[in-house]
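Worksheet: the structure to be examined is printed underneath.
The values are calculated or read from the model by the stated rules, or taken from the named source; none is laboratory data. In this text the structure is predicted, and so the values were computed from the model without any measurement. Cβ atoms come from the backbone with ideal geometry, glycine included; neighbour counts cover every protein chain shown. Keep in mind that these areas ignore ligands, DNA and RNA; they rest on the heavy atoms of the full protein, side chains included. Shrake-Rupley method; radii C 1.70, N 1.55, O 1.52, S 1.80 Å.
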Amino acid sequence: MATTKKNATPFSDALRFEDGMRLSDRDPRATPAFDGDKADGKEALVAADDELDELQERLYAMSRAGGRRRVLLVIQGMDTSGKGGIMRHVVGSVDPQGVDLKAFKAPTRAEKKHDFLWRIRRALPTPGMIGVFDRSHYEDVLIVRVHDLVPEKEWQGRYATINDFEKELVEDEVTLIKVMMHISADEQKERLSERLERPDKHWKYNPGDLGERAHWDDYQTAYQALLQRCSPEGAPWFVVPADRKWYARLAVQQLLLEHLRALDLAWPVADFDVESEKERLAAL
């Protein structure tokens with residue numbers, strides 16, 4: 001099986017957005033940090049499930065002993081970029097009791113009465129949990145910018161607000177993993193065409209997606225800006241090539257694994273006398 005080589009670059013290093021990078025220079029069909037093909041990638045994805053499941057359980061167990069660590073996985077991307085596949089094939093492989101999944105749609109009337117981070121704060125994961133945002137607070141410097149939903153001065157000020165907010169999260173023991181699913185315009189067109197051609201895919205098709213596609217270049221500019229302005233050391237962005245679905249799923253899984261490993265999670269020590277409990281159990 002071809003997986004990441006023992007001395008290969010970690011996915012976190014290969015996919016991290018660095019200052020000065022141009023999104024237009026990143027190949028959406030590339031497979032950074034992986035030297036295998038589609039079959040190898042699918043095999044590697046399954047092979048890592050057990051470790052991911054155990055690390056998630058350790059994270060949860062530590063919270064039962066008073067630990068405050070938690071993880072927040074933010075997934076952003078254009079329509080059809082594969083966000084749903086990440087939810088099914090990566091997030092779906094861990095115990096659902098240890099995951100808080102939130103898909104952010106257009107804000108409701110009630111949500112609009114508050115600042116743009118109000119609904120985000122309410123959805124943050126509690127200690128021991130892996131929180132997953134399908135879209136996020138970054139919509140407020142993406143769709144809001146592209147469609148002129150608020151004055152430019154307002155959305156321009158949100159970059160600094162987001163950086164301050166994420167700094168708070170990191171200081172509060174939240175491990176942030178921000179992923180931009182980088183799909184090409186040609187691949188998006190193929191996926192939209194497939195949804196129209198196949199009756200079993202019609203439910204996925206949204207006529208509004210074509211309206212958003214018409215703003216493709218504007219969205220690329222908006223993504224470039226948020227990557228450049230909101231990728232500090234403690235909360236960097238990772239740009240995942242998304243034209244190959246199998247690779248994108250593997251890459252996000254490995255990013256999650258690498259961050260969980262870095263937490264050096266250990267099973268909490270029993271707060272009772274184990275031997276005494278064994279004796280009590282044996283006597284019953």
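Observations on the model:
- Charging the Cβ of each Asp and Glu at -1 and of each Lys and Arg at +1, and nothing else, the dipole of the chain about its Cα centre rounds to 820 debye.
- Think of segment 223-270 as having a plus end and a minus end, set by charges on the Cβ of Lys, Arg, Asp and Glu; of 240, 227, 266, 240 sits farthest toward the positive end of this dipole.
- If only the Cβ of Lys and Arg carry +1 and only the Cβ of Asp and Glu carry -1, the dipole of segment 216-284 around its Cα centre is close to 400 debye.
- Once the C-beta distance of residue 263 and residue 117 is scaled by a Förster radius of 41 Å, the resulting FRET efficiency is 0.95 to the nearest 0.05.
- Per-residue 3J(HN,Hα) values for segment 261-269, derived from phi via the Karplus relation 6.51 cos²θ - 1.76 cosθ + 1.60 with θ = phi - 60°, read 4, 5, 6, 6, 6, 10, 5, x, 6 Hz in sequence order (x marks Gly and Pro).
- Per-residue [θ]222 nm for the chain (sum of -39500 (n - 2.57) over DSSP H runs n ≥ 4, rounded to 500): -13500 deg cm²/dmol
- Theoretical gain in end-to-end length, residue 150 to residue 101 [0.36 nm per residue, Cα-Cα removed]: 14.9 nm
- Computed over neighbours whose Cβ is under 10 Å from that of residue 187, the net charge equals +2, Lys and Arg +1, Asp and Glu -1.
- Ordering of 86-94, 208-216 by packing is 86-94, 208-216, highest average first (other Cβ atoms within 10 Å, averaged per residue).
- A simple charge model with +1 on the Cβ of Lys and Arg, -1 on the Cβ of Asp and Glu and nothing else charged puts the dipole of segment 19-178 at about 780 debye relative to its Cα centre.
- Less than 5 angstrom separates the built amide H of residue 103 from those of 134, all sequence-distant by 5 or more or on a different chain.
- Simple label model, 7 Å out from Cα along Cβ direction - residue 168 to residue 126, nm: 2.0
- Dipole of segment 74-215, positive end: most advanced residue of 207, 98, 163 [Cβ charges, Cα centre]: 207
- Our coupling estimate for segment 227-238, obtained by passing each phi through the Karplus curve with A = 6.51, B = -1.76, C = 1.60 and θ = phi - 60°, is 5, 6, 9, 10, 9, x, 4, x, 8, x, 8, 10 Hz, Gly and Pro reported as x.
- Estimated distance in nm for a label pair at residue 278 and residue 185, the labels positioned 7 Å out from Cα along Cα-to-Cβ: 6.8
- FRET efficiency, residue 24 to residue 271 (Cβ-Cβ, R0 51 Å, nearest 0.05): 0.40
- Taken per residue, the accessible surface of the chain reaches 53 Å², heavy atoms only and a 1.4 Å probe.
- Amide H contacts of residue 175 (H built 1.01 Å from N, under 5 Å, at least 5 apart or other chain): 70, 71, 72
- A straight Cα-to-Cα reach below 22 Å connects residue 38 with the lysines 5, 6, 83, 189, 245, residues fewer than 8 places away in its own chain not being considered.
- Measuring nothing but protein heavy atoms, the accessible surface of the chain at 1.4 Å probe radius is 49 percent carbon and sulfur.
- Difference of contour (0.36 nm per residue) and Cα-Cα distance, residue 159 to residue 217: 18.9 nm
- Accessible surface of residue 223 - all protein chains present, 1.4 Å probe, nearest 10 Å²: 0
- What the phi angles of segment 270-278 give under the Karplus curve with 6.51, -1.76 and 1.60, with θ = phi - 60°, is a coupling list of 4, 9, 9, 7, 4, 5, 5, 5, 5 Hz, glycine and proline written as x.
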